[in-house]
Amino acid sequence: MELLAVGAAVASGHLVAGLLAPASSPFVAVGDAVVRLSPQPVVEFAKSAFGTADKPVLLAGTAVLLVLAGALAGLAARRRPLPGTVAVAVLGAVSAAAVLTAPALQPPDVVAPLVALVIGLLTQLGLHRAARSAAAAPAAADPAGAAAPDAPMPGGGPVATPVRRRSVLAGASAAVALGSLVAGGSGVALAASGRGIAESRSALTRRLAAARLTERAPAVPESAGFARFGTVPFVTSNADFYRIDVALRIPAVRAEDWSLRIHGRVDRELTLGVDDLLARPLVERTITMTCVSNTVGGNLVSTANFVGVDLAPLLLEAGVDPGADQIVSTSRDGWTAGTPTATVLEPGRGAMLAIGMNGEALPVEHGFPVRMVVPGLYGYVSATKWLTEIELTTFADRTVYWRDRGWAERAPIKTQCRIDSPTGFSQQAAGAVRVAGVAWAQPVGVAQVEVRADDGPWVRAELGTEVNPNTWRMWTAELDLGPGNHILTARATDRRGLTQTEERVDPIPDGATGWPSVIVTVA
């Protein structure tokens, strides 16, 4: 009964959240709270173990814990309902606390957890009341004089009452279960509908297609890539672009409803809508973005053509206080990032407010309608999605999400490379073995990549044509390998002459280092 009550609470809260405010779903809010409160080693373990599947895994784990909690509450309430009532109330209070302590709490958000708590308690008490009524029901006589199902049998008391009780409970339980499925499914459908987001994206995509760009990204030449040798495509499709963030429920904001506030240590505050951005000079740039959680040889790096407006002129228009060394950007879900002001204002840096990505409006999961993109910095300090606010402040006066969790204050991207082909533990024919991969060193660019087998001499790789210093660069080389197992290793050097270090360092606090390597078998 308690398990059904927990299910009814979760489903009703999800339904109300779908109607009023999707982010206020108690189920999702508990998952968000777990992300916010988890120790940093736990967060990094989840990223390394599950990658971009960390969110589904977390939600599945939350569901399993709720089922276990409901089952344990049911065992505790076998003799009397009070322990079950307390357990349901505690679970409801925990979910309400998760919603009410969310960084981006809005007044409508309080409704869903309150409804969930009330429905959970009413369901639990109602099921216990139905069970007691069935057990205490008097025997009834059959109109024809035969013994009714609950009538005393000859020589003994009523023996069919447990059957009647089970029947009543089964009917009530089935009704609760069915109602929970309908309510929860409706909540999922309402949340998935996006409240007109798909239509808003389509309309913005059409406007971007018709807009005149003052700066267009040059076409990527065929010589820039080595896909024929096993590297990834030079421009990453939107579907394959890596996604790392802390949002279990993707914020849903129509372009028509979006606004950005620029405030803090500025001469004048600015409030901008999408129309204001589209009225400004639009630029298109090919940019490689890199996640600080990327391990050596990892795939949390992607490249896209972004369309948007330059960020520096907007800040200069607002009038930046010379002492404001930090830009704090805030996401719709309350997440914050701190970006060095000097980096954004640096001539030629290309920091932008992106509206489009690879020929269409930003995908919802990548920040629709507007996100920040600052080349050369890891995403946790530069790439705020679902952007709603920019505050000019100082590093001394304001802390942000990941800095509170032990990450570095400033995070320039480190020179790195990766081996895409051959894959680890693959079989290769003896002789010339083709090795290929990618390297990146934003914003200075890659000057050289070298590869070797075992402890042999370094062989300089052929580089693909450089598109611009803010993008990755493909490379390929041939190694003459004899039979046996071999360790293939690569390293990159940037245009400053800095070669990536061999020393292996974990991503925390400012990015991983080390040479990528794979083991192959040559026969």
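The values are calculated or read from the model by the stated rules, or taken from the named source; none is laboratory data. A quick note: this is a predicted structure, and the numbers were derived from the prediction, not measured. Reconstructed Cβ throughout: ideal geometry from the backbone, glycine too, with neighbour counts over all protein chains shown.
The number of residues in the range 463-500 that are free of Cβ contacts under 8 Å to residues at least 40 places away in the same chain and either assigned by TED's automatic domain parsing to the domain that holds VAL296 or more than 35 Å from the chain's Cα centre (by Cα) (or both) comes to 3. I'm trying to understand the selection: among the residues of the range 356-390, which are closer than 19 Å to ALA255 by Cα and part of a strand (DSSP E or B)? Of everything in the range 356-390, those that are closer than 19 Å to ALA255 by Cα and part of a strand (DSSP E or B) turn out to be GLY356, MET357, GLU360, ALA361, ARG371, MET372, VAL373, LEU387, THR388, GLU389, ILE390. Answer yes if at least one residue in the range 67-77 is within 26 Å of ALA46 (Cβ to Cβ), more than 28 Å from the chain's Cα centre (by Cα) and surrounded by fewer than 19 Cβ atoms within 10 Å (Cβ to Cβ), and no otherwise. Yes - at least one qualifying residue is present in the range 67-77.
Selection of first residues in the range 336-355 that are in contact (Cβ under 8 Å) with a residue 40 or more places away in the chain and of second residues that are surrounded by fewer than 20 Cβ atoms within 10 Å (Cβ to Cβ) and assigned to a strand (DSSP E or B), restricted to Cβ pairs under 7 Å at least 6 apart or on distinct chains, gives the following pairs, ordered by first then second residue: MET352/VAL283.
With the requirement that a residue be more than 26 Å from the chain's Cα centre (by Cα), surrounded by fewer than 14 Cβ atoms within 10 Å (Cβ to Cβ) and either within 26 Å of TYR401 (Cα to Cα) or not assigned by TED's automatic domain parsing to the domain that holds VAL370 (or both), what does the range 236-276 give you? Once the filter is applied, which keeps residues that are more than 26 Å from the chain's Cα centre (by Cα), surrounded by fewer than 14 Cβ atoms within 10 Å (Cβ to Cβ) and either within 26 Å of TYR401 (Cα to Cα) or not assigned by TED's automatic domain parsing to the domain that holds VAL370 (or both), the range 236-276 yields GLU269, THR271. Determine whether the range 484-499 contains at least one residue that is surrounded by fewer than 21 Cβ atoms within 10 Å (Cβ to Cβ), among the β-branched types (Val, Ile, Thr) and within 30 Å of VAL34 (Cα to Cα). No, the range 484-499 contains no residue that is surrounded by fewer than 21 Cβ atoms within 10 Å (Cβ to Cβ), among the β-branched types (Val, Ile, Thr) and within 30 Å of VAL34 (Cα to Cα).
Just for the range 325-348: of the residues that are more than 21 Å from PHE395 (Cα to Cα) and surrounded by 19 or more Cβ atoms within 10 Å (Cβ to Cβ), which one is modelled with the lowest pLDDT?
Selected residue: ASP333.
Annotation note: of ALA430, ALA492, ALA441, ALA453, the sole residue that is of a type in the set (Gly, Ala, Ser) and closer than 25 Å to THR339 by Cα is ALA441.
Looking at the range 12-20, is at least one residue closer than 21 Å to ILE250 by Cα, among the polar types (S, T, N, Q) and touching a helix residue (DSSP H, G or I) at 6+ places or on another chain (Cβ under 7 Å)? Scanning the range 12-20, I find at least one residue that is closer than 21 Å to ILE250 by Cα, among the polar types (S, T, N, Q) and touching a helix residue (DSSP H, G or I) at 6+ places or on another chain (Cβ under 7 Å), so the answer is yes. Filter the range 97-126 down to the residues that are surrounded by fewer than 20 Cβ atoms within 10 Å (Cβ to Cβ) and in contact with a Leu (Cβ under 7 Å, 6 or more places away or on another chain), then identify the one that is farthest from ALA177 (Cα to Cα). For the range 97-126, the residue satisfying everything is PRO108. What do you reckon, is ARG228 over 28 Å from ASP54 (Cβ atoms), in a loop (DSSP other than H, G, I, E, B) and among the charged types (D, E, K, R)? For ARG228, the condition - over 28 Å from ASP54 (Cβ atoms), in a loop (DSSP other than H, G, I, E, B) and among the charged types (D, E, K, R) - is not met.
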